[in-house]
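All remarks here apply to the structure that follows.
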Amino acid sequence: VLRGNLRIEFRDGAVELTEGDMVVVPKGVVHRPVAEHEAHVMLIERAGTLNTGDDVEGGTAGEWI
């Protein structure tokens, strides 16, 4: 997290992150980032990784994980 606060929600709990914090989400783990206010984050992922969110159009990969 570069600026602000962010919560990463998992099926079995959540992780609260503040400036300077980092979390690694293992491949295949369902998760959802939530920010109550604007947050600046750096996302690092492998080239070719597709968004797997609820939206199944526009470049997402439904059922990818």
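All of the numbers you see were taken from the coordinates with simple rules; none came from a lab. As the structure is a prediction and not an experimental result, all values here were calculated from the model. Using ideal geometry, Cβ is built from the backbone for each residue, glycine included, and neighbour counts are taken over all protein chains shown.
Each other residue within a Cβ distance under 14 Å of residue 6 adds +1 if Lys or Arg and -1 if Asp or Glu, for a net charge of -3. When 9, 36 are arranged by Cβ crowding within 10 Å, least crowded first, meaning fewest neighbours, the order is 36, 9. Fully extending the segment from residue 11 to residue 37 would add 7.1 nm, taking 0.36 nm per residue of separation and subtracting the current Cα-Cα distance.
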